[in-house]
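Contents: one structure, followed by commentary.
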Amino acid sequence: MDLTIVWALIIAFAVAMYVVMDGFDLGIGILFLGFKVGKERDQAMNAIAPVWDGNETWLVLGGGGLLAAFPLAYAIVLPALYAPLTAMLLGLVFRGVAFEFRWRDPAHRRWWDAGFCLGSLVATFAQGITLGALLQGISIEGRAYAGSWWEWLSGFSLLTGASLVVAYALLGATWLIWKTEGRIHDDARRFAAWLLPAFLLFVGAVSLATPFLEGQYYQRWFAWPGLLLTVLMPLLFGGAALTAWEGIRRGWDWLPFAAALAMFALTLAGLGVSIWPDVIPGRVTIWQAAAPYESQLFMLVGSLVLMPMILAYTAWSYWVFRGKIGEEGYH
Amino acid sequence: MADAETALLLARIQFAFTISFHFIFPAFSIGLASYLAVLEGLWLKTGQDKYLNLFKYWLKIFAMAFAMGVVSGIVMSYQFGTNWSVFSDRAGPIIGPLMAYEVLTAFFLEAGFLGVMLFGMNRVGKGLHFAATCMVALGTFISAFWILSVNSWMQTPVGWALNEAGQFVPAASWWTIIFNPSFPYRLVHTVIAAYLTTALVVGGVGAWHLLKRRDTPEVRTMFSMAMWMLVLVAPVQVVVGDLHGLNTLAHQPQKVMAMEGHYQSHPHGAPLILFGIPDSEAEMIHYSIEIPRLSSLILKHDLNAPLAGLDTIPRDQRPPVGIIFWSFRIMVGLGVMMLGLGLLALVARLRGKLHDWRLLHRCAVAMGPAGFVAVIAGWITTEVGRQPFVIYNLLRTADAVSPIASPAVGASLVAFVIVYFTVFAAGTWYILKLMAHAPAAHEPDLADAPIRSAGITPAPSVGEGR
């Protein structure tokens, strides 16, 4: 069996898990200053406090897994995205410490709240830029990145950055619709009602721009059998969007989040179609970047045992903290 | 200086800065997680409230330290690629899987159970909560296991071959690679250092409150526990440190030469240089105070054993002596003081004055931060000591760096310095504030501490969720 393909799927899974799970954490961060100081913000924070750390770990698995399974890709992509990745890491610092710091220092709570929001915003925008920069192509010479340190900057990468901000914010708002009640629940619905149309606009813009970046994407989406997907995708996406809209409008608890997840899944699947079987789009295939068979096999043995365990205790942790976040301590 | 040289220097400073800051937090949280597990276990076993109060007290501090460790740790996992891409490409097939195992076996374990440990006391049973605490503690240890294995492989690389792309690929069993020659020593030495660091902090906080005459049962218990830890573990650390040194002598002789300040070879027994000012240009130690032949006795267990000096090593393969000479002495000096504090506490205990001897308490307060200093000094010794190589004798640090222009590296370095000093200074201040009040009866929970206006609440009704 070709372990390279297995590892490509595992890394893709880790990235998808990260995007979805830290997506709603970061989305709540992005919306954070929009919530009223006091109980509303406390509730928004508490809706993710027990799980954010586990969610963020998928980012470390994505990075660490890339280094382990596709070291060449790791060594080319990370220098190419030096500035946005540094910004992302610093953003995540402010986001992560805010969970503890804001409770410890009421006098400066507004500062840490602002840090939480700004950190989430910067981290998300940088992740979006990363996606755009990868899609538009990276300069490579031999086994190394050969561009300047601002090559990532383009209209397209800024567009994908902004898109991800809106996308995560939508995911965060729908998570809060599910996990809260009262004023913050209503606020989240109000935000989601704006964010959903904005999200659709951005996804549309990125989808229209992507096939024209380079010949490869165009051929994939407008030639058989990709054309089938090109036709099918808007239909499925439209269905999920309508469901989300109805859910938000009627205030159904979990439906908007589930529908947002479906839209994320479709978007990620679309990205997969665009990129496969490259690990650096248009430049390096998964086989060119792959680690030797011994490395792949050694990790796979552990992953097959450990991944189900991780998914099981992560699910258990979510189960422990199930239900709505209350307004006051224990009720 | 050429741009490439500037960029290399900046990248090295950035790595040294971010890893040193990061290392402070795990050095504390590895020991603290185990201490929390012990406290909760004792509470479940004895039912005494003081253990629960201590658990809740240190849990709040643990949450802060852990959060700072997580955010500074993610920086590390990406910095290998952003700043050391040639290293990542070439060593990835060997160190990558080890780091992936760290994520899979340690990071997820810690993160997955941390939420329950911090907020779940009233949501799951006592037994399950204790299990979660143990899982977090286990996770911190497993994390140390893998990352120190990676570091040790870079210090004493074995089981590799070069492929046609110039990558180091596995050529022996993974067991050989993981348990490379320096790993067992480095692991034990580092984990004990983390336990000592925690014991000194706990002891220092306890002593502080004893000095302030706030001798609640909680304060007395934690001071006593910390002093037991010190007296039992500090001597073990001396032995382990010695073994680690002998292992280094066998595999990385020039590191030991620099630690000892031996520029010249000594065919008939080498002196132990206690202090002096190293001068790498003149290849000598100025104003040195030395004990004849003692170095040979320590390193070879023979007064007259010959010891080679740096004069046997080509200049372009020597580590910078000045830094290592001093960092090593700081580490050893603090280690000796820890041993002394442990003995002092033992004497006080035997005389029944453990909680009343103010001199002991003053010493314990003064030694509170000593573990951090010793850990960083030791880390500097081992990391600077393997220079100029990043993979010992195989890949030079200068050849491992990313092709990033110096303005970019300079800007990121400035950003890291500003953010780290702001954020981690604030965090340290908050931790000190938490430590400033004594643990006492009815210690508040993390979730409903007076300062926290709303907590994580239990499910309001059955059938909610999923």
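Below are the figures for this structure:
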{"quantity": "Overall form of the range A:115-246 per C-alpha gyration tensor (a/c, 1.5; a/b vs b/c)", "calculated": "oblate"}
{"quantity": "The range A:146-297 - percent relative contact order, Cα under 8 Å, separation 6 or more", "calculated": "22 percent"}
{"quantity": "Size of charge dipole - chain B - debye, nearest 20, with Cβ of Lys, Arg +1 and Asp, Glu -1, no other charges", "calculated": "1520 debye"}
{"quantity": "Per-peptide average of other Cβ atoms within 10 Å, ordering B:211-221, A:283-293 highest first", "calculated": "A:283-293, B:211-221"}
{"quantity": "Summed residue charge, Cβ within 15 Å of B:S296's Cβ, Lys/Arg positive, Asp/Glu negative", "calculated": "-2"}
{"quantity": "Inter-probe distance in nm under a simple model that places probes 7 Å from Cα toward Cβ, at B:H268 and B:S280", "calculated": "3.2 nm"}
{"quantity": "Cβ-defined net charge surrounding A:I280, 15 Å radius [Lys, Arg +1; Asp, Glu -1]", "calculated": "-3"}
{"quantity": "Among A:W58, A:W319, A:W152, residue whose mean-square fluctuation peaks in a GNM of chain A (springs only between Cα atoms under 10 Å)", "calculated": "A:W319"}
{"quantity": "Residue-averaged [θ]222 nm for chain A, counting only DSSP H segments that reach four residues, each worth -39500 (n - 2.57)", "calculated": "-26500 deg cm²/dmol"}
{"quantity": "Cα-based helix-to-principal-axis angle, A:155-179 vs chain A, degrees rounded to 10", "calculated": "40 degrees"}
{"quantity": "Dipole magnitude of the protein assembly as shown, debye to nearest 20 (Cβ charges: Lys/Arg +1, Asp/Glu -1, about Cα centre)", "calculated": "2000 debye"}
{"quantity": "With Cα atoms, 0 to 90° folded angle of helix B:126-155 axis to chain B main axis", "calculated": "10 degrees"}
{"quantity": "Listed residues A:E40, A:E141, A:E214, most fluctuating in chain A (Gaussian network, C-alpha, under 10 Å)", "calculated": "A:E141"}
{"quantity": "Per-residue mean of C-beta atoms belonging to partner chains within 10 Å, peptide A:306-314", "calculated": "4"}
{"quantity": "Relative contact order of chain A, pairs being alpha-carbon contacts under 8 Å that are 6 or more residues apart, as %", "calculated": "23 percent"}
{"quantity": "Percent of beta bridges antiparallel (DSSP, the protein assembly as shown, rounded to nearest 5)", "calculated": "95 percent"}
{"quantity": "Phi to ³J(HN,Hα) by Karplus 6.51 cos²θ - 1.76 cosθ + 1.60 over the range A:291-303, Hz, x for Gly, Pro", "calculated": "6, x, 3, 4, 5, 4, 5, 4, 6, 5, 4, x, 4"}
{"quantity": "Long-range amide H partners of A:V279 with built H, under 5 Å", "calculated": "A:V284, A:T285, A:I286"}
{"quantity": "Extension gain, B:T176 back to B:H301 (0.36 nm per residue minus Cα-Cα distance, nm)", "calculated": "42.1 nm"}
{"quantity": "Rounded if a/c under 1.5, otherwise prolate or oblate - the protein assembly as shown, Cα gyration tensor axes", "calculated": "oblate"}
{"quantity": "Neighbour net charge for B:A67 - beta-carbon separation under 10 angstrom, K R +1, D E -1", "calculated": "-2"}
{"quantity": "FRET E, pair A:D105, B:V373, Förster distance 25 Å, beta-carbon r, rounded to 0.05", "calculated": "0.40"}
{"quantity": "Cα gyration tensor shape of the range A:188-254, rounded if a/c is under 1.5, else prolate or oblate by comparing a/b with b/c", "calculated": "oblate"}
{"quantity": "Relative contact order (percent, whole number), the range B:198-295, Cα cutoff 8 Å, 6+ residue spacing", "calculated": "18 percent"}
{"quantity": "Nearest 10 degrees, 0 to 90: helix A:255-275 Cα axis against chain A principal axis", "calculated": "20 degrees"}
{"quantity": "Test item: A:48-56 mean partner chain Cβ contacts at 10 Å", "calculated": "6"}
{"quantity": "When each of A:K39/A:K179; B:K50/B:K126; B:K45/B:K212; B:K60/B:K433; A:K36/B:K433 is checked by Cα-Cα distance, pairs over 23 Å", "calculated": "B:K45/B:K212; A:K36/B:K433"}
{"quantity": "Using θ = phi - 60° and Karplus 6.51 cos²θ - 1.76 cosθ + 1.60, couplings along the range B:364-377 (whole Hz; Gly, Pro as x)", "calculated": "5, 5, 4, 8, x, x, 4, x, 4, 4, 5, 5, 5, 4"}
{"quantity": "Calculated [θ] (222 nm, deg cm²/dmol) that DSSP helices of n ≥ 4 give over chain B, each run adding -39,500 (n - 2.57)", "calculated": "-23000 deg cm²/dmol"}
{"quantity": "Under 5 Å, built H, 5+ apart or other chain: amide partners of B:L272", "calculated": "B:I291, B:R293, B:L294, B:S295"}
{"quantity": "Debye, to nearest 20: dipole size of the range A:3-320, +1 on Lys, Arg Cβ, -1 on Asp, Glu Cβ", "calculated": "540 debye"}
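Each reported figure results from applying straightforward, stated rules to the coordinates on display, with no laboratory input. Quantities reported herein were computed from a predicted structural model and do not represent experimental measurements. Neighbour counts are summed over all protein chains in view; Cβ atoms, including those assigned to glycine, are modelled from backbone coordinates with ideal geometry.
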